[in-house]
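S.K.: I have a structure I would like to understand better, so I am pasting it below and will then ask my questions one at a time.
The values are calculated or read from the model by the stated rules, or taken from the named source; none is laboratory data. Nothing here was measured: the structure is a model prediction, and the numbers come from that model. Methodologically, a virtual Cβ is constructed for each residue, glycine included, from the backbone with ideal geometry; neighbour enumeration extends over all protein chains shown. Side chains included, ligands, DNA and RNA excluded: accessible areas come from the protein's heavy atoms. Shrake-Rupley method; radii C 1.70, N 1.55, O 1.52, S 1.80 Å.
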Amino acid sequence: MSTFLGMPATAPRGVGHLRGDESFPEAARKALGNEQLRRNLAHATTTIRGKSGAVVAELPDWQELRSAGSALKAATMARLPELLEQLEANVTAAGGVVHWAADATEANRIVTGLVEATGHRRVIKVKSMATQEIGLNEALEAAGIAPVETDLAELIVQLGHDKPSHILVPAIHRNRTEIRDIFLREMPGVDPALTDDPATLAAAARRYLRETFLSTKVAVSGANFAVAETGTLAVLESEGNGRMCLTLPDTLITVMGIEKVVPTWRDLEVFLQLLPRASTGERMNPYTSMWTGVTPGDGPQEFHLVLLDNGRTAVLADEVGRQALHCIRCSACLNVCPVYERTGGHAYGSVYPGPIGAVLSPQLTGVADNASLPYASSLCGACFDACPVKIDIPSILVHLRNEAPHPRTERIAMAAAAYTMDRPALYARAQHAAKLSRHATRLPPPLNGWTASRDLPQPPPETFRDWWAAR
Amino acid sequence: MRIALFVTCLADTMFPAAAKATVTLLERLGHEVVFPPGQTCCGQMHINTGYQRDALPLIRRHVRTFAPYDVIVAPSGSCVGSVRHQHAMVARGAGDLSLAARAEDVAGRTYELSELLVDVLGVEDVGAYYPHRVTYHPTCHSLRMIRVGDKPLRLLRHVRGLELVELPAAEQCCGFGGTFALKNADTSAAMLGDKMRHVLETGAEVCTAGDASCLMHIGGGLSRLGSDVRTVHLAEILAASEA
Ligand code: SF4
């Protein structure tokens, strides 16, 4: 037992993928220069947006469902410790083993140790944001264990030595010609005559994965939900690769963020409607797999659940920011975000891109480590409207901006502006001074970003208050 | 009705035509407009850039200035949004609960122009005449923060001589976002590029909106392109008349 010494810890540096090497504006500039990327993104997000919008419109009670999801999440967060203990008791009673990981380093150590104990050197993986977040694949590789991603898009990213750029469609930034090239270069046993026809590409991946599924004894998954009252874990997916991983191996290790718990089986009813419609634009996702501990003679005979904090308790401690923990990773906010649509996911420097990433990553790491992310939004509010659990992302962004460290020159300018605006006489004088800049159509740094692509309007000869006074 | 004008710092300094048009329009409809002295800025820029402490005196000033009035109007969806959704929140954050309560009170009496016209004054035909081909951009804060819905369109549809053309992908952000346009200038420019393309596709002579800030952004971009499409605030169109 350690003693609690104030603010809960944030995710550690040097491990996992929550921090980028560059600030958002710098990384975004590079992405914006890539025409192919922008075309791929605009095409993909527009398609998903349309699909999701259509199936959401089918439900007359969509707004009520959103409210229910939001209320369930808030109620869960309010008694998270108790629910997690209940989950632990029920998983244990069903023959599973529960591990608590304070952060990425500890979680990686636990999982690596568990795999090593089986004596196997290869694991198959179900797509999981939690394991991406902690950099589990890198940790396993460092221990001489080969992780194989089995989600098609995740496999493309892994084979391409690339990083995911979308929560749901990690390879959204790639088109099929690029994918064919990656397969030809990296996929063991691939047909050298491979074309870029989608069905042929899928068949190639299937052939490779089948063989891997049947010969690998250990699997690692994440979890979309965990039901406290029964100790049941759930994974939702579209390809069936998840079900193969969850049923074929002897050992199953699940890494789950502590916010994924739901109190009762009944609560799932709401989320199983919200998630697929918001996420893939489907009425129901193709595969919903649920398992409770171990069942003799059926499925994995050893089950481990790793409960991951990695900064989540710190998020929970923030009254405004804690809503970010309600996220069910549907990626609807990414698909409607005009900033994400132009920059793609890599610019966010974290496994959590887009609007949710802009609020979640800085909270998990501490705002100072991701200070540009709360500004990676025009506060247009499209994410708030799209979110199936009604997370008020714009308000969290504004809240985090208030916590972020500010550049000195900006601090001075803002204080000066507020000082002037709080003194009407001074303010009127400043308005007149603006007229002196009448012929400046370009601004000096750091304001030149504005005039690089827009003309400044000419200040009018008379302000409104002058006009009013003379009236 | 006696209506207090919250001019907003941007309209006051850079776009007085929008504010003057608001006065002209409301007086033509038979109302008395007053301009409470002492008003400057609602503090939105400070709040949205992460300077809530600096915004606090501006919020105090705003609340003090407008507390005596029953109906307050601003020709800006985003400033009304700030008054309505941010003032009380910032006051509460600073532990000033009495200011928060007064801010909520003022917010409850503050309307964006199209809201005032349609919801409070009950008019959709304001007797305007504007013989031009016009497209309307529903700015994000008007659309999603204060939810003016189709009120501006209903007003525009009653303007004589006006041909309203639909803007493709109208609900996409123009990329302004206050200091976003400075802090993320490249992304902002990319968003603006698409918005301008859509405006030009309509073949409209005029692009209108309820926010001077977004119009400044779009207008600045169009001017750089050398386009002769003009950006005109909704208030100016509604105030225009035959004579
Ligand atoms: S924040 Fe909301 S919309 Fe975005 S991924 Fe999470 S649940 Fe989906």
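S.K.: Please go through segment B:38-54 and give me each residue that is more than 7 Å from chain A (Cβ to nearest Cβ) and on the phi < 0 side of the Ramachandran plot, ordered by number.
M.R.: B:Gln39, B:Cys42, B:Gln44, B:Met45, B:Arg53
S.K.: Here is a list of conditions, (1) in contact with a Pro (Cβ under 6 Å, 6 or more places away or on another chain); (2) more than 10 Å from every other protein chain (Cβ to nearest Cβ); (3) polar (S, T, N, Q), and B:Thr65 meets all of them except one; can you say which number that is?
M.R.: The number of the failed condition is (2).
Conditions tested, residue by residue: (1) surrounded by 16 or more Cβ atoms within 10 Å (Cβ to Cβ); (2) of a type in the set (S, T, N, Q); (3) closer than 23 Å to A:Thr343 by Cβ.
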site	(1), (2), (3)
A:Asp151	yes, no, no
A:Glu154	yes, no, yes
A:Leu168	yes, no, yes
A:Arg176	no, no, yes
A:Ile179	yes, no, yes
A:Leu184	no, no, no
A:Leu194	yes, no, no
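S.K.: Which of the helices (runs of 4 or more DSSP H) found entirely inside segment A:299-351 contain at least 1 residues meeting this: within 13 Å of chain B (Cβ to nearest Cβ) and either in contact (Cβ under 8 Å) with a residue 12 or more places away in the chain or near the ligand (Cβ under 10 Å from one of its atoms) (or both)?
M.R.: Passing ranges, in order: A:332-336, A:338-343.
S.K.: Go through (1) over 30 Å from B:Arg154 (Cα atoms); (2) modelled with pLDDT under 95; (3) under 20 Å from the mean Cα position of the chain (by Cα) for B:Gly38 and report which single condition fails.
M.R.: Looking at each condition in turn, B:Gly38 falls short on (3).
S.K.: A further question follows. Mind checking which pairs have a first residue in segment A:117-143 that is more than 24 Å from A:Leu168 (Cα to Cα) and a second that is modelled with pLDDT of 95 or more, Cβ under 6 Å, 6 or more apart or different chains?
M.R.: A:Thr118/A:Val218; A:Thr118/A:Thr251; A:His120/A:Lys217; A:His120/A:Val218; A:Arg121/A:Ile145; A:Arg122/A:Ala146; A:Arg122/A:Thr216; A:Ala143/A:Thr112
S.K.: Of A:Ser378, A:Ser437, A:Ser453, which residue is more than 16 Å from the ligand (Cβ to nearest atom) and modelled with pLDDT of 95 or more?
M.R.: A:Ser378
S.K.: Inside segment B:17-26, can you point out the residues that are open to solvent by 10 Å² or more (accessible area, probe 1.4 Å) and either within 15 Å of B:Val120 (Cα to Cα) or within 7 Å of another protein chain (Cβ to nearest Cβ) (or both)?
M.R.: Passing the criteria: only B:Lys20.
For every residue, the table says whether it meets (1) over 17 Å from the mean Cα position of the chain (by Cα); (2) among the charged types (D, E, K, R); (3) surrounded by fewer than 24 Cβ atoms within 10 Å (Cβ to Cβ).
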| residue | (1), (2), (3) |
| --- | --- |
| A:Ala324 | no, no, no |
| A:Val336 | no, no, no |
| A:Thr343 | no, no, no |
| A:Val359 | no, no, no |
| A:Leu364 | no, no, no |
| A:Asp392 | no, yes, yes |
| A:Asn402 | yes, no, yes |
| A:Ala416 | yes, no, yes |
| A:Tyr419 | yes, no, yes |
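S.K.: Scanning segment A:260-298 for residues that are within 30 Å of A:Gly50 (Cα to Cα) and among the small types (Gly, Ala, Ser), which turns out farthest from the ligand (Cβ to nearest atom)?
M.R.: Checked segment A:260-298; the qualifying residue farthest from the ligand (Cβ to nearest atom) is A:Ser289.
S.K.: Shifting gears a bit: Checking the structure you have, find out if any residue of segment A:162-170 is polar (S, T, N, Q) and more than 27 Å from A:Arg49 (Cβ to Cβ).
M.R.: no
S.K.: Condition first: closer than 23 Å to B:Glu201 by Cβ and surrounded by 21 or more Cβ atoms within 10 Å (Cβ to Cβ). Now tell me which residues in segment B:135-161 satisfy that.
M.R.: B:Thr135, B:Tyr136, B:His137, B:Pro138, B:Thr139, B:Cys140, B:Ser142, B:Leu143, B:Pro152, B:Leu156, B:Val159
S.K.: Okay, next question. Of the residues A:Pro388, A:Pro405, which is of a type outside the set (S, T, N, Q), farther than 21 Å from A:Cys337 by Cα, at pLDDT 95 or above and not in a helix (DSSP H, G or I)?
M.R.: A:Pro405
S.K.: Name the residue, out of B:Thr231, B:Thr202, that is over 23 Å from A:Leu32 (Cβ atoms) and open to solvent by 30 Å² or more (accessible area, probe 1.4 Å).
M.R.: B:Thr231
S.K.: Would you confirm whether any residue within segment A:202-220 is in a loop (DSSP other than H, G, I, E, B) and open to solvent by 10 Å² or more (accessible area, probe 1.4 Å)?
M.R.: Yes, some residue in segment A:202-220 is in a loop (DSSP other than H, G, I, E, B) and open to solvent by 10 Å² or more (accessible area, probe 1.4 Å).
S.K.: What is the number of the single condition among (1) modelled with pLDDT of 95 or more; (2) among the hydrophobic types (A, V, I, L, M, F, W, C); (3) more than 16 Å from the chain's Cα centre (by Cα) that A:Met284 does not meet?
M.R.: It is condition (1) that A:Met284 fails.
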